[in-house]
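Have a look at the structure below before the remarks.
Each value in this text was obtained by applying a stated rule to the coordinates, not by laboratory testing. Predicted model, so just to flag it, every value in this text is computed and none were measured. Glycine gets a Cβ as well: all are built from the backbone with ideal geometry, and neighbour counts include every protein chain shown.
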Amino acid sequence: MQFIDLHTHSQASDGTDSPGQLVRNAQIQGLAAVAVTDHDTVSGLDEAEAAARDLGLEFVRGCELSTSTELGEMHVLGLWLPRDLAPLQDRLQYLRRKRSERNVRIVEKLQGLGVEIELDEVLHEARGESVGRPHIAAVLV
């Protein structure tokens, strides 16, 4: 039986590995296919796709989009994205900007509670384009 993983995150959002290393790890684990679906960014897709091509691993271009509903936050997984992402890029930039504004509010709230944390620490922790709550949590730890 062959296995695939269609929901992974690289350092471009809240994962721990570079896009290329993520794909290499998928191959080491014996996966037949892998998708990179970083939060609100597609910046790691080209690197991941090149690594998959070099390894002969089937690759799926993806992205996880954040959105809000009347019931709360929801994430939508988009798979088999085309190469021309111009229509999507504006929305992704908007989502990252909203995420950045939220990060500032969270850090300010923590500072107001006496927690010694700086936004620069969070940005350094993230190393990627899409910075979020997991990066703030990592700095707190």
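Values as computed for the structure displayed
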{"read-out": "Loop GluC sites (Glu not before Pro), the stretch 89-141 (other Cβ atoms within 10 Å of the site Cβ: 14 or fewer; DSSP)", "value": "Glu116, Glu118"}
{"read-out": "Candidates per trypsin sites (Lys or Arg not before Pro) in the stretch 23-120, loop by DSSP, up to 10 other Cβ within 10 Å", "value": "Arg83"}
{"read-out": "222 nm mean residue ellipticity, helices alone, for the chain (DSSP H n ≥ 4; -39,500 (n - 2.57); rounded to 500)", "value": "-14500 deg cm²/dmol"}
{"read-out": "Local net charge near Val131, Cβ-Cβ under 14 Å (Lys/Arg +1, Asp/Glu -1)", "value": "-1"}
{"read-out": "Antiparallel bridge percentage (DSSP; both residues within the stretch 4-140; nearest 5)", "value": "50 percent"}
{"read-out": "Neighbour-count order for Ile4, Ile136, Ile106, fewest beta carbons within 10 angstrom listed first", "value": "Ile4, Ile106, Ile136"}
{"read-out": "Residues Asp5, Asp120 arranged by fewest to most Cβ contacts within 10 Å", "value": "Asp120, Asp5"}
{"read-out": "Hull shadow area, averaged, the chain [alpha-carbon convex hull, nm²]", "value": "10.0 nm²"}
